[in-house]
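See below for the structure under consideration.
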Amino acid sequence: GDFFLPPPSQRGKKSGPANFALRIHQPSYEGIYRYLNNPDAYLGHLWLYGFALLGSSTELFIVALLSHAMKIAFLQTVEKPHFRQVYKQHVRKHSTALGRVLRGKVTDIRSNE
(Lines give C-alpha, C1' and ligand atoms only; values in the text may rest on other atoms or scores of the structure.)
Protein backbone atom coordinates (compact mmCIF):
# COMPACT_ATOMS: atom_id res chain seq x y z
CA GLY A 1 0.00 0.00 0.00
CA ASP A 2 1.01 3.56 -0.58
CA PHE A 3 0.94 4.96 2.93
CA PHE A 4 4.05 7.16 2.71
CA LEU A 5 5.50 5.55 5.80
CA PRO A 6 9.22 5.76 6.38
CA PRO A 7 11.16 2.50 6.12
CA PRO A 8 11.27 0.45 9.38
CA SER A 9 14.87 1.52 9.99
CA GLN A 10 13.78 5.19 9.96
CA ARG A 11 10.69 4.83 12.17
CA GLY A 12 11.09 6.39 15.57
CA LYS A 13 13.86 8.69 14.40
CA LYS A 14 13.37 12.38 14.09
CA SER A 15 11.55 13.04 10.85
CA GLY A 16 11.08 16.40 9.29
CA PRO A 17 11.57 18.24 6.02
CA ALA A 18 15.36 17.83 6.26
CA ASN A 19 15.19 14.05 6.72
CA PHE A 20 12.32 13.61 4.27
CA ALA A 21 14.53 14.04 1.20
CA LEU A 22 17.15 11.66 2.58
CA ARG A 23 14.77 8.70 3.07
CA ILE A 24 14.46 6.12 0.33
CA HIS A 25 10.76 5.57 -0.25
CA GLN A 26 9.51 2.10 -1.03
CA PRO A 27 5.94 0.90 -1.25
CA SER A 28 4.70 -1.27 1.58
CA TYR A 29 3.68 -4.76 0.47
CA GLU A 30 2.37 -5.98 3.81
CA GLY A 31 -1.01 -7.40 4.79
CA ILE A 32 -3.38 -7.99 1.92
CA TYR A 33 -1.03 -6.11 -0.39
CA ARG A 34 1.18 -9.22 -0.36
CA TYR A 35 -1.47 -10.93 -2.48
CA LEU A 36 -3.04 -8.12 -4.52
CA ASN A 37 -1.65 -4.81 -5.67
CA ASN A 38 -4.99 -2.99 -5.37
CA PRO A 39 -7.47 -5.06 -3.40
CA ASP A 40 -9.92 -2.16 -3.09
CA ALA A 41 -10.21 -1.88 -6.87
CA TYR A 42 -10.96 -5.55 -7.39
CA LEU A 43 -12.70 -6.63 -4.17
CA GLY A 44 -14.11 -3.33 -2.95
CA HIS A 45 -17.17 -3.39 -5.22
CA LEU A 46 -18.33 -6.91 -4.42
CA TRP A 47 -20.93 -5.61 -1.99
CA LEU A 48 -22.64 -3.71 -4.81
CA TYR A 49 -22.84 -6.86 -6.92
CA GLY A 50 -24.29 -8.63 -3.88
CA PHE A 51 -27.05 -6.02 -3.54
CA ALA A 52 -27.83 -6.38 -7.24
CA LEU A 53 -28.14 -10.15 -6.84
CA LEU A 54 -30.20 -9.92 -3.66
CA GLY A 55 -32.58 -7.43 -5.23
CA SER A 56 -32.59 -9.18 -8.63
CA SER A 57 -32.04 -5.72 -10.08
CA THR A 58 -30.61 -5.40 -13.58
CA GLU A 59 -30.28 -1.64 -13.12
CA LEU A 60 -28.23 -2.03 -9.94
CA PHE A 61 -26.04 -4.64 -11.63
CA ILE A 62 -25.35 -2.17 -14.46
CA VAL A 63 -24.52 0.52 -11.89
CA ALA A 64 -22.16 -1.91 -10.12
CA LEU A 65 -20.50 -2.86 -13.40
CA LEU A 66 -20.05 0.79 -14.48
CA SER A 67 -18.77 1.79 -11.04
CA HIS A 68 -16.27 -1.06 -11.04
CA ALA A 69 -15.14 -0.22 -14.59
CA MET A 70 -14.64 3.44 -13.69
CA LYS A 71 -12.60 2.50 -10.60
CA ILE A 72 -10.31 0.26 -12.65
CA ALA A 73 -10.01 2.92 -15.38
CA PHE A 74 -9.02 5.48 -12.72
CA LEU A 75 -6.52 3.03 -11.30
CA GLN A 76 -4.90 2.46 -14.70
CA THR A 77 -4.87 6.08 -15.87
CA VAL A 78 -4.10 8.00 -12.65
CA GLU A 79 -2.93 5.85 -9.75
CA LYS A 80 -0.60 3.46 -11.58
CA PRO A 81 1.41 6.19 -13.41
CA HIS A 82 1.65 8.21 -10.18
CA PHE A 83 2.79 5.17 -8.21
CA ARG A 84 5.45 4.38 -10.81
CA GLN A 85 6.62 8.01 -10.86
CA VAL A 86 6.96 8.16 -7.08
CA TYR A 87 8.52 4.73 -6.46
CA LYS A 88 10.27 4.05 -9.80
CA GLN A 89 12.21 0.75 -9.67
CA HIS A 90 10.69 -0.36 -6.35
CA VAL A 91 7.27 -1.09 -7.87
CA ARG A 92 6.62 -4.76 -8.55
CA LYS A 93 5.14 -5.68 -11.91
CA HIS A 94 2.39 -7.91 -10.51
CA SER A 95 1.15 -9.16 -7.19
CA THR A 96 2.84 -12.03 -5.43
CA ALA A 97 -0.10 -14.42 -5.85
CA LEU A 98 -0.31 -13.69 -9.56
CA GLY A 99 3.46 -14.03 -9.85
CA ARG A 100 3.36 -17.50 -8.31
CA VAL A 101 0.67 -18.61 -10.75
CA LEU A 102 2.53 -17.18 -13.74
CA ARG A 103 5.86 -18.68 -12.67
CA GLY A 104 4.16 -22.03 -12.12
CA LYS A 105 2.63 -21.98 -15.60
CA VAL A 106 5.96 -21.06 -17.20
CA THR A 107 7.67 -23.88 -15.28
CA ASP A 108 4.95 -26.32 -16.41
CA ILE A 109 5.32 -25.25 -20.04
CA ARG A 110 9.13 -25.58 -19.89
CA SER A 111 8.95 -29.01 -18.29
CA ASN A 112 6.54 -30.25 -20.98
CA GLU A 113 8.91 -29.26 -23.81
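The values are calculated or read from the model by the stated rules, or taken from the named source; none is laboratory data. Here the structure is a predicted model, which is why all the values come from computation and not from measurement. We place every Cβ from the backbone using ideal geometry, glycine too, and count neighbours over all the protein chains shown.
Going by the conditions given, is Leu48 in contact with a Ser or Thr (Cβ under 7 Å, 6 or more places away or on another chain) and at pLDDT 80 or above? Don't jump to the end; show me each part of the working.
On the way: in contact with a Ser or Thr (Cβ under 7 Å, 6 or more places away or on another chain): yes; at pLDDT 80 or above: yes.
Yes, satisfied.
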Considering residues of segment 35-78 that are surrounded by 14 or more Cβ atoms within 10 Å (Cβ to Cβ) and in contact (Cβ under 8 Å) with a residue 40 or more places away in the chain only, the residue farthest from Leu102 (Cα to Cα):
Asn38
